[in-house]
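Enquirer: Below: one structure in structure tokens.
Only the coordinates and a few stated rules stand behind these numbers; no lab work does. No experiment lies behind these values; they were computed from the predicted model shown. Cβ coordinates were reconstructed from backbone atoms using ideal geometry, including for glycine residues, and neighbour counts include every protein chain displayed.
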Amino acid sequence: MTETTPESLAPQVEALEHLLAVGVRPGSSVTRLNAWMCDVQQITAELFPGTFSYEEEFDPEYPGDTYVVISVESPGDMRDVIRRQCEWHERIRGLSPDLSRKLRLSISPR
């Protein structure tokens, strides 16, 4: 069994602080995904180092259908960016098949 230390809890604390800072409401998509967000952030940082942010969005036609948009910036050749985008989706599905329907990846080229 792994010992729980302040250092081991740092990613979860950061995720919760972010939720509080952006004013995420209880029961939102982000709070339902909170258990996964540390892993999602780690995968995203490995594939797209740099700026990472996320926020809850919805399609105005379907306001009850919310999802979380993960926003990143990415330098480099577009083929490499697309390859990393595909890998991101595969790894997210590996965490949970339901996550792919609840998350969107937005890549801004640099």
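Enquirer: Condition first: in contact with a strand residue (DSSP E or B) (Cβ under 9 Å, 6 or more places away or on another chain), closer than 18 Å to residue 33 by Cα, surrounded by fewer than 16 Cβ atoms within 10 Å (Cβ to Cβ) and among the hydrophobic types (A, V, I, L, M, F, W, C). Now tell me which residues in the stretch 53-101 satisfy that.
Expert: Across the stretch 53-101, the qualifying residues are 58, 69.
Enquirer: Provide a single number: the residues in the stretch 42-81 that are assigned to a strand (DSSP E or B) and in contact (Cβ under 8 Å) with a residue 24 or more places away in the chain.
Expert: First pass over the stretch 42-81, keeping only residues assigned to a strand (DSSP E or B): 52-59, 62-74.
Filter once more, keeping what is in contact (Cβ under 8 Å) with a residue 24 or more places away in the chain: 54-57, 66-74.
Total meeting the criteria: 13.
Enquirer: Here's a follow-up. Could you check how many residues of the stretch 82-109 are without any contact (Cβ under 8 Å) to a residue 60 or more places away in the chain and in a loop (DSSP other than H, G, I, E, B)?
Expert: 2
Enquirer: Within the group 76, 94, which residue is farther than 15 Å from residue 44 by Cα and not polar (S, T, N, Q)?
Expert: Working: 94 fails: farther than 15 Å from residue 44 by Cα.
On inspection, the qualifying residue turns out to be 76.
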